[in-house]
Amino acid sequence: MSDDIARLLRAARAVIPCSYAPYSGFPVGAAILTVSGEVFAGCNVENAAYPLGLCAEAVALGAMVSAIGAQRLRAALVLTARPVPSWPCGGCRQRLQEFMEADAIVYAAGCEAEPVGIPFARLLPLAFGAGDLAPRSP
Ligand code: THU
């Protein structure tokens, strides 16, 4: 296992016991790695008003921006408490898009499986991003 994956997995494992998921019973830990080598993690935080719940990836991104400001990401990992990995939800793919290049790697990990990684562009092809908002020549 590469050093990047080991660091991400360790960080996600550290936060998953803190997950607050009383409604879904689906704890998630996410970890992100900046291009300069810093790791941040977050867990999902649900709410009795269901749509207000936060995904683990959103919490990890918030931790990074709050601690050191917005950075480009080299990799991200999503860990669930299930044996088989799950990939980030659609909303979190878009959240990650804000900070990831097409060739950054996203890993999915379950508690009984080795993490599986794919390039971000495979996870969210034809992504909408900041470039779409740039002024265009007529
Ligand atoms: N969840 C995440 O934290 N990340 C995802 O990418 C998918 C879903 C959370 C949200 C909710 O707390 C629980 O998993 C079930 O959907």
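Kindly list, by first and then second residue, each pair from a residue in the range 28-43 that is within 15 Å of the ligand (Cβ to nearest atom) to a residue that is part of a strand (DSSP E or B) and of a type in the set (Phe, Trp, Tyr), limited to pairs with Cβ atoms under 8 Å and residues at least 6 apart or on different chains.
Pairs found: Ala31/Phe40; Ile32/Phe40; Cys43/Tyr20.
Please go through the range 54-67 and pick out each residue that is more than 8 Å from the ligand (Cβ to nearest atom) and among the small types (Gly, Ala, Ser).
Answer for the range 54-67, where residues must be more than 8 Å from the ligand (Cβ to nearest atom) and among the small types (Gly, Ala, Ser): Ala60, Gly62, Ala63, Ser66, Ala67.
Being surrounded by fewer than 22 Cβ atoms within 10 Å (Cβ to Cβ) and touching a residue at least 60 places away in the same chain (Cβ under 8 Å) narrows it down to one residue among Arg93, Arg74, Arg82; which is it?
On inspection, the qualifying residue turns out to be Arg74.
For the range 83-138, which positions are assigned to a helix (DSSP H, G or I) and of a type in the set (Lys, Arg)?
Arg93, Arg95, Arg122
Only one of (1) farther than 26 Å from Ala127 by Cα; (2) touching a Lys or Arg at 6+ places or on another chain (Cβ under 9 Å); (3) part of a helix (DSSP H, G or I) fails for Arg7. Which number is that?
Among (1) farther than 26 Å from Ala127 by Cα; (2) touching a Lys or Arg at 6+ places or on another chain (Cβ under 9 Å); (3) part of a helix (DSSP H, G or I), the lone unmet condition for Arg7 is (2).
Select from the range 31-58 the residues that are crowded, with 22+ Cβ neighbours inside 10 Å and more than 14 Å from Arg10 (Cα to Cα) and write down the one among them that is farthest from the chain's Cα centre (by Cα). Before the answer, list the steps.
Let us first name the residues in the range 31-58 that are crowded, with 22+ Cβ neighbours inside 10 Å, namely 31-33, 40-44, 56-57.
With the extra rule that they be more than 14 Å from Arg10 (Cα to Cα), the set shrinks to 44, 56-57.
Details: Asn44: 11, Ala56: 7, Glu57: 4 Å.
Going through the qualifying residues, I end up with Asn44.
Out of the residues in the range 68-98 meeting the condition of being under 13 Å from Ala31 (Cα atoms) and of a type in the set (A, V, I, L, M), tell me which one is nearest to the ligand (Cβ to nearest atom).
Val78
Any read-out appearing in this document is the output of simple, stated calculations on the displayed coordinates, not a laboratory observation. In this text, all values refer to a predicted model and were calculated from it rather than measured experimentally. Every residue, glycine as well, gets a Cβ built from its backbone with ideal geometry; the counts of neighbours run over all protein chains shown.
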